[in-house]
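Readers should treat all values here as calculations from the given coordinates under stated rules, not as data from a laboratory. Keep in mind that what you see is a predicted model, and the values were worked out from it rather than measured. All Cβ positions, even for glycine, are placed from backbone atoms using ideal geometry, and neighbour counts span all protein chains on display.
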Amino acid sequence: MTAIVYLVIYLGALAFLAGSVARAARYARTPAHLRWELYPVPHEEPERARHGGSYFEESDWWTRTVRFSLWGELKAMIPEMVFLKGLWEFNRPMWTRSFPFHFGLYLVAASMLLLLAGALVSLAAPKLLTAPVGGVLHHLYRTAGLAGAVLVIAGALALLAKRLADDNLKNYTTPGDLFNLLFFVATFGILLAGYLLRPPGFSGSLSLAASLLSFDTGVQIPGLLGAGLVLGAALAAYIPLTHMSHFIGKYFTYHSIRWDDQPSVKSEKLRRRVAEYLTYKPTWAARHVGADGTRTWADIAMANPAQEVKK
Amino acid sequence: MSRPIRLEDMSRPDRRPLTHLENEDLIPLPAPLDDPAKDHNWTPLSEQAREKYECLLDDTCAVSIPRPKSKEEEDQLVARFLSGLSKLFSRENNWTFLQPLLLTMEHCARCQTCSEACHIFEASGGNELYRPTFRSEVMRRLYFKYVKKGGLLGAWQHGDIKLNWPMVARLIELSYRCNLCRRCAQTCPIGADNGLVAHELRKLFSQEMGIAAKELHDTGSMLQLKVGSSTGMNAEVVKDNIAFIDEDISEKTGIKIETPWDVEGADVLLIHNAGEILAWPENPAAFALILTAAGIKWTLSSELAGYDSINYGLWYDDAQFARVAVKHAEAALKLKVKKIVLGECGHAHKALSVVADRVLMGDLNIPRESSMTLLRDIVMSGRLKLDPSRNDFPVTLHDPCNLVRLMGVVEPQREVVRTICPKFREMEPHGVDNYCCGGGSGFAIMSGHNFPDWRFHVSGRKKLEQILKAFADCLDPAVPKYLCAPCSNCKGQLRDLLAYYNIWEKHRILYGGLVELIVNAMADIRPGFIEWEWH
């Protein structure tokens, strides 16, 4: 039983990683599209970023050094990632439901990382985990995990209720959306119940994590907790297959689209990439495009259908 | 308003439009325009139009798609739609926008955060059809069903949709109910872009099916590529018109102006939206006065499309977009100018400066600059003797989306108006958070059937509300007021919108460009460059 749970957890983690990497790689391999940025672009110089300005506000901008403000990006990214600033600003009713859900996930992820780090230390240098370090660590992962699970459940239920009750959302809600939220409620509900109702002899989360890392199947996993862990692994494997992998998509929508203001004149690499795309041979069927499968994008851009018709 | 619209209604086989708007459904305008009963009645779409064209969406018809004559023809059109849909997601056919489109298809959380940001959705009183995610959700379901071939599992996860000709016909029209201002995208927490979806749908219809609004294609980009300008002016005609403007303005201002043409090695190739030359000749005249007075070595070009900065391909077709951008760059290359400066035209700014940057390779990548920047430098440098008291009337500034939210040129025009207009006030919201004029994405030049009724009642409504609020303290017609809109397309919409609601007669609000304000403040020319009769 324990071995099966471990195996499912390994597979779930592997599927999560592989699915996430595959999705990210798929987006990363798409061509460098035409520029489509939206202002404000936070890595602009601070005095311009404040009002949403760009380097186009400077005369002869191409002769000047384009500065990249990492601090500006961080100031925009961190509140967005941690506190869902955009939702707070533009959709407060949704934020009150979505923020607990997401923040709960962050807490659970932090708890897992602490547990795994603690487990590694306990395997490599158990003396380091004696009091008070071990005690502090225990309180940290326990508090983060419990609070996180509660927030996830509360957030997911609130989102579910809104999806079912709000006319603005109903038209766009699919059975899959409802399933996704229920999947979170069930997983974290069972995990929480499994932990809180653990039998007196349970060896503890840290030793469970350590035995998971060392594949020590001698540890007894309580049934309910085991079911929660299996569901958690399945959920992790499922996320990259859905739009819930927006933690990946969001990187690209912000850095590669919204904030991508790189002028080609400043990038040899970009010019090389575009030169390659211009050799592609499109097959659009409308006559004015003139894409017969042999002409490249460059040929098409240089052609003039209005004057060809004239001939 | 009719019953709430559902996504599946898009496939409804009957020929009844999905929605109908009454004045009472719309958000109220500020007083004294707040009585829906006194608002214009909508001109109904004629029976002939309904009979001849696929007008199945709402009260109007933007594209005039002829009705297929048989079921076979309908099936062929649906097959072509599907073929185009798959091309939108292929690298070879759509390298230009594949990544943003994929991300928008695969990551929208359908939280509807974007809805409140959309001026069309808001102005319509929250009509479901105009919700930014409505068309995106239709396309998303089509993507998962037909491109990703999701089958039953896909339908369960992403929702199902029925594809038939009425759905395609409605989707064509629906892609022309968005101004592509991308205010919705700005608010999306995930970065999904519903404006892009409308743009890509228009591309599919144009590039695969040969269907586009005729004002954008036949009398837009095709005419520009044929004679040099979508106004129909060829090089000789445009030169004649400019010569007439020069003569007229020299007489009016007392400053001898002779617009230079085809000057090799000039510092600046100025490209106007040629619509200015015909509709607002004071705008190119004011540019000529300013550049001449500032001692700039500048020129216009008489090359094909070199005298008309418009690029309607930006709104519906990548091939047409690239061709016009190349023509602009070739004109500059031929004259060996140091840079191109774009006149007061928002979409021309974004098209040539931003979007075309990854089309114009090698020698064609001539430096491009906004006239806002050049004008700011001229005004702030003290090269012109300016008397702000000549602009002693209330002024507000409209931010063209393409110039501001989509290009980041926000402050230069403000520095100018703050310097020369003592009674300047901002609209709210402004800058990158502005609202579209309602004429964006080609609507300003689209006047088929009763489409103007829709663009004044719905897409332009939020802007009208903003304008009236900006001048709320001085709406009295005794006080002339100036709405500065440094964009030809926006001016086209504002001209028609203000006339529709009799705003000049009621409140003495005149619209115009930025250069007119600068020239009006130039101490060396005769006072009164701005004529209030221009309304």
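Here are a few things to note about the model shown:
- By the rule of a second cysteine Cβ within less than 4.7 angstrom, chain B holds isolated cysteines at B:CYS108, B:CYS111, B:CYS118, B:CYS178, B:CYS188, B:CYS345, B:CYS421, B:CYS474, B:CYS484.
- Using θ = phi - 60° and Karplus 6.51 cos²θ - 1.76 cosθ + 1.60, couplings along segment B:309-314 (whole Hz; Gly, Pro as x): 7, 4, 8, 5, x, 3
- Taking only alpha carbon atoms, the protein assembly as shown gives an Rg to Rh ratio of 1.01, where Rh is the Kirkwood radius.
- Over segment B:300-368, the alpha carbon radius of gyration divided by the compact-protein estimate 2.2 N^0.38 Å works out to 0.97.
- Largest mean-square fluctuation among A:GLY155, A:GLY135, A:GLY232, in a Gaussian network model of chain A whose springs join Cα atoms under 10 Å apart, belongs to A:GLY135.
- Amide H contacts under 5 Å for B:LEU386, placed H, 5+ residues apart: B:ALA523
- Gyration tensor (alpha-carbon) shape descriptor, segment B:7-209, a/c threshold 1.5: oblate
- Cα-derived Rg over Rh, computed across segment B:166-321 with Rh taken as Kirkwood radius: 1.10
- Interchain or long-range residues, amide H under 5 Å from B:ILE340's placed H: B:LEU269, B:ARG368, B:GLU369
- Centroid-to-centroid separation of segment B:464-535 and segment B:388-408 [C-alpha atoms, Å]: 11 Å
- Summing Cβ point charges (Lys, Arg +1; Asp, Glu -1) relative to the Cα centre of the protein assembly as shown gives a dipole of roughly 2740 debye.
- For segment B:40-126, alpha-carbon Rg and Dmax in angstrom: 18.0, 48
- Selected from B:CYS111, B:ASN94, B:ALA31, residue furthest toward positive end of dipole (segment B:7-209; charges at beta carbon): B:ASN94
- Around the amide H of B:LEU510, modelled in the peptide plane, lie the amide H atoms of B:LYS481, B:TYR482, B:LEU483, all under 5 Å away and 5 or more residues distant in sequence or on another chain.
- Residue by residue, segment B:516-533 carries 3J(HN,Hα) couplings of 4, 5, 5, 5, 4, 9, 6, 5, 7, 10, 4, x, x, 4, 6, 9, 5, 7 Hz when phi is fed to the Karplus relation 6.51 cos²θ - 1.76 cosθ + 1.60 (θ = phi - 60°); x denotes Gly or Pro.
- With R₀ fixed at 22 Å, the C-beta to C-beta distance from A:LEU128 to A:PHE215 puts the FRET efficiency at about 0.50.
- For chain B, alpha-carbon Rg over 2.2 N^0.38 Å: 0.97
- Per-residue ellipticity at 222 nm from helix content only, as computed over the protein assembly as shown with -39500 (n - 2.57) for each DSSP H run of at least four residues, stands at -15000 deg cm²/dmol.
- Computed from label points 7 Å out along Cα-Cβ, the spacing between B:ASP218 and B:SER86 is 3.1 nm.
- Residues A:HIS246, B:HIS398 in ascending order of nearby Cβ atoms (within 10 Å, fewest first): A:HIS246, B:HIS398.
- Highest to lowest packing among B:306-318, B:360-372, A:85-97, scored as the average C-beta count within 10 Å: B:306-318, B:360-372, A:85-97
- Positive-pole candidate from B:ILE378, A:GLN220, B:THR19, dipole of the protein assembly as shown, charges at beta carbon: A:GLN220
- Counting neighbouring Cβ atoms within 10 Å and putting the fewest first, the residues A:VAL121, B:VAL359, B:VAL379 line up as A:VAL121, B:VAL379, B:VAL359.
- Counted as membrane-span-like here are DSSP H helices of chain A whose alpha-carbon atoms extend 18 Å or more along the helix's own axis and whose Kyte-Doolittle mean is 0.0 or above; these are A:2-28, A:70-83, A:92-124, A:133-165, A:175-196, A:223-238.
- The mean number of partner chain beta-carbon atoms within 10 angstrom of a residue's beta-carbon across peptide B:84-94 is 4.
- Ranking of B:ARG202, A:ARG35 by count of other Cβ atoms within 10 Å, fewest first: A:ARG35, B:ARG202
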